[in-house]
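For reference, the structure is listed below as C-alpha cells.
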Amino acid sequence: MRLTNKFTLWYFAVMLLVLLTGGAIVYNEIQWKVGRVEVVRHQRLNDLIAQQIRSGGDYINHPTRKRASIAIIPADSVPKGTASFYTRGLGWNPEFQANEYRLVVTSFYTIARQHYRITTYSYIPSFYQILPGVVDSFKWILLLLLVLVGISGKLIPKYILAPFKRTLKVIQHFDLKQKKAIQLPETRTSEFRELNEFLKKMTDKAKEEYQSLKEFAENASHELQTPTAIIRGKLDLLMESDIRDEQAILIAEMQNALEKLSRIHSSLTLLTKLENKEYEAKTPVCISNLTREALDSFSELIQIKSLSLTAQIEDKVYVPLHLSLADLLLTNLISNSIRHNIPDGKIEVILTKTGFIICNTGKAPEIPVAELFERFKKGDPASDSIGIGLAIVRQICDLMNFNVVYEYTSGLHIIAISFQPQTSASKLLQNLSLPLHYNLLP
C-alpha cells in the first residue's frame, strides 16, 4: 500500500471517530440547550403572570394564561431553597392528539401575603425528533469529508510528496561507478532536506569506499601477478635443470600449489567484481549457442573420464546476461559436473526458455548442499577443488535475479537455474525431475 493511501486511511479513520464522538456531543448539547432555553422562557412567562397578579387587572383571557395554571397554596407547601423547578417527559397533546415531549416549569411567588404556584408548560422536540436531523447533518459532513479526503489523496502525492518522489527516482538511478556527485532536488520541507543531506553523505561515502575497494583489488591483483610469474619461471628453470626424482616431485607439488593460488586469486578477484556489479547485461545473449560451445570444449575431458553426456538444448534461448558471465556460468557448472562425477558416470544438460538444469551422478556431499554455494565449501574435502566455483554461480544468479537451487537425491547432483523471477528453480526442477531420474539412473 502506498504511503499516501495509508495517510488518507488513517486521517479518515480519525475523522470518522471524531465525527461519531462529536455527533453524540452535539446531540446532547442541542437537547440540553433547547430544554434550557425553554425553561428560561417559561420562567420569564411565570414572572410576567406574577406581575399581572400584582397589578390586579383582569388577565383571565390574556394569551399568557393559555398554558398556565395558577393556584394559591399554603405556606408549608412552598419548597425551601428554590423559587422554581421544571420537569419534562411524555404528555398528551390535545392539539395534535398525540403524546409529545412536554416541559413543565413551576414557580413560586408571595404576593399580598399569599403564596402562589404558577405552572406553565410547552411541547419541545423529543429525542427521536432531534436525532434524525443530527444524523442527516453528519451524513452530509461525512460525504464532504470523503470527497475532500479523495481529492487530497490525489493532490498530496502530486505536490506535497513531489520532492520525495524526485529524490527516490534519483536514488533508483544511482550508480557507484558514476564519477559525478549525486544531485538531489531542492525542497523547502525540513524533513525532506534532512533526508537529502543524509542520502548525499551516504552515497558519497559509498562511492569512496567502492573506489577504495576497487583500487585495492586492482592493486592486489597486479602486485600478486608479478611475484607469481617470477616463482613460476624459477620453478620451470629448476625442472629443466639436472635434479633428482625427489626434487622433481617437490617442485611439481610447488607448481600445483602455485596454480591453485593463482586460481584462488583469479576467482576472488572475479567475485569482487561481481559483488561490485561491474558486469552489465546491455543486450541478451543466445545461451543455446554458448551451451553447445561449452559442451564441445569439454568433450575430450568427458571422453577421457568415460562419462556419457545427454543434452536437450532448446534453440534460440536468449537471456539478459553479460557474455563473459554466461560463459563463466556454463564453464563452472559443466566442469563441476565432470570433476565431481564417478567412473562411467552420466551427465545430462537441459536448456529451455524457462531455465537451465544440469545433473550428474556422484558421491553424496559431506555437508548440506545449501552450504556448497558458500566460498571455500567443498562436498569432498579431499578434492583438489578450491571451492569457489558454485559461489561464483550463485553470485552471477543473484546479480541477474535468477533463482538457483541445488539438490542431491538418489545419487544425483542436480543444479537448476530459473531465468524467470516468477518461476522458482524448485518448481522448474519438479517439472523435469522424472525424465532426469529416468535418463541418469542405472
Largest first, please: the extent of the C-alpha atoms of the stretch 37-105 along each principal axis, to the nearest Å. 36, 31, 24
Residue-ordered couplings for the stretch 67-79, obtained by feeding phi - 60° into the Karplus form 6.51 cos²θ - 1.76 cosθ + 1.60 and rounding to whole Hz (Gly and Pro as x), are 10, 10, 10, 10, 9, 8, 10, x, 4, 6, 8, 7, x
Setting aside same-chain residues fewer than 8 positions from LYS179, which aspartates and glutamates have a Cα under 12 Å from its Cα? ASP204, GLU208
Please get the size of the charge dipole for the stretch 281-361, origin at its Cα centre, with Cβ charges of +1 on Lys and Arg and -1 on Asp and Glu, quoted in debye to the nearest 20. 180 debye
So what does ASP327 come to for accessible area, using a 1.4 Å probe and Å² rounded to 10? 80 Å²
What pairs from LYS165/LYS200; LYS169/LYS207; LYS139/LYS165; LYS165/LYS214; LYS346/LYS427; LYS165/LYS201 go past 26 Å between their alpha carbons? LYS139/LYS165; LYS165/LYS214
Please give the charge dipole size of the stretch 1-141, origin at the Cα centre, charges +1 on K and R Cβ atoms and -1 on D and E Cβ atoms. Round to the nearest 20 debye. 240 debye
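The values are calculated or read from the model by the stated rules, or taken from the named source; none is laboratory data. Computed from a predicted structure; not experimentally measured. As a convention, Cβ positions derive from the backbone with ideal geometry for all residues, glycine included, and neighbour counts pool all protein chains shown. Side chains included, ligands, DNA and RNA excluded: accessible areas come from the protein's heavy atoms. Shrake-Rupley method; radii C 1.70, N 1.55, O 1.52, S 1.80 Å.
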